[in-house]
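Remarks on the structure that follows.
The values are calculated or read from the model by the stated rules, or taken from the named source; none is laboratory data. This one's a predicted model, so the numbers in the text were calculated from it and none came from an experiment. For neighbour counting, all protein chains shown are included, and Cβ atoms are generated from backbone atoms with ideal geometry for every residue, glycine included.
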Amino acid sequence: METLEYTDVNAHVVARCKEGDRKAQYELYKLYSKSMFNVSMRITNDYTEAEDVLQESFLSAFRELHTFKGDSTFGSWLKRIVINKSITKVRSRRLQVVPMEDHQDIAEEAPDYDQEEMEYKVESIKKAIQSLPDGYRVVLTLYLLEGYDHGEIADILSISEATSKSQYSRARKKLLTLMQEQSFLS
Amino acid sequence: MKDKLKDFVQAHRDEFDSFTPRPDLWQDIAAELQTEEKTIIMPVEQEQEASVFSINWHHAWRYAAAVTVLVMLAFSARYYMSTPDTSGAVAVKQPVTLEKIAPEVRQIETKYVQVIEKKESELKALGAGTVQFAELDSAYNALKKELYTTPNKEVLLEAMSDNLKMRIALLNQQLEVLEDRSNVKTRPDHETTNI
């Protein structure tokens, strides 16, 4: 129900964008630039790269708008563009996205901080996310913050669903460890 | 397994979007779009010259406009040479000949213009401003002018009625949006969190 409503509201602006209406393009930019920038920030973990991604994403969205058929919302369509471009940036840094074979035994070694005991704070989660290795951070943010399920993440990253699940579970443990360390330090 | 971390994050989702891009980033994007439009459109027009009409309206109109200007220039030049008459003569004479060339135009116009005017007054009743069709208008006029010279009248007429239909579609969209708005309380800006 809600999705339909939103699609309609955007469809009008999107139609104007298809005609090259700059004002309509700016409307979409205003509406989405901040959230898309944050999506990219979380994946790239780099302000300049996230800005590049944002610029490239909007440009290619407007360029390819005729391929947007409206079967998803414009927002989720744009978000996939942003995510794909962000992942390309991370990969081109030559840091392996996920040390897939390298188990690091984090899952086994890390002390099992019981989540019930832990008091979550937005700031400390954000800080811990930024300290995660690229591969963990990507899977974790896609799942926790961008709301994709493991099937979709598998599709986005070209990995298997099982890998996505295990990477998430490790990333999550690592995150909790980092948060614990932060609280000891502070 | 219940994931408390995920629940917590979802509950505080907005607080995680704390970064803001530099304010002038849009200017860069707009500038880039501007140069792309200039450089990309030209070659496309030339390539698609013959079969463009049903493929890409945007370019078709511009092409039509360009051709029309040239044709009109040539025509008026010839006209002035043969009859060194008063300057308004060309414009006055056009509607008469258009009737002869393509009587269908009048049918098309009466058919759609009524609908368009009806929709526009409905929109006004809902408190919306008038919808501007500047680009569609100029495209339509260009097509209309080209009727004088085209060997392919049918294609032009079809493009003209498509042009009018597109206005109706846009007006309908606008109406839907407005009706939606008055029926449902919209929550702006939350779409991304609902994906």
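For the reader, a short list of remarks on this structure follows.
- Among all residues of the range A:115-123, there is none that is buried (at least 17 other Cβ atoms within 10 Å of the Cβ) and either of a type in the set (Val, Ile, Thr) or modelled with pLDDT of 95 or more (or both).
- Evaluation of A:Thr44 against (1) facing chain B (nearest Cβ under 8 Å); (2) buried (at least 20 other Cβ atoms within 10 Å of the Cβ) (one fails), failing number: (1)
- First in the range A:33-52 and touching a residue at least 40 places away in the same chain (Cβ under 8 Å) and farther than 13 Å from A:Lys79 by Cα, second anywhere and assigned to a helix (DSSP H, G or I) and of a type in the set (Gly, Ala, Ser), Cβ under 6 Å, 6 or more apart: A:Thr44/A:Ala50; A:Thr44/A:Ser86
- Of all residue pairs spaced 6 or more apart or on separate chains, those with beta-carbon atoms under 8 Å, a first member in the range B:131-142 that is within 10 Å of another protein chain (Cβ to nearest Cβ) and a second member that is in a helix (DSSP H, G or I) are B:Glu135/B:Trp61; B:Leu136/B:Asn163; B:Leu136/B:Met166; B:Leu136/B:Arg167.
- Residue identified as at pLDDT below 95 and farther than 30 Å from A:Val13 by Cα among A:Leu95, A:Leu140: A:Leu95
- The lone exception for A:Val53 - which of (1) within 9 Å of chain B (Cβ to nearest Cβ); (2) buried (at least 18 other Cβ atoms within 10 Å of the Cβ); (3) not charged (D, E, K, R) it fails: (1)
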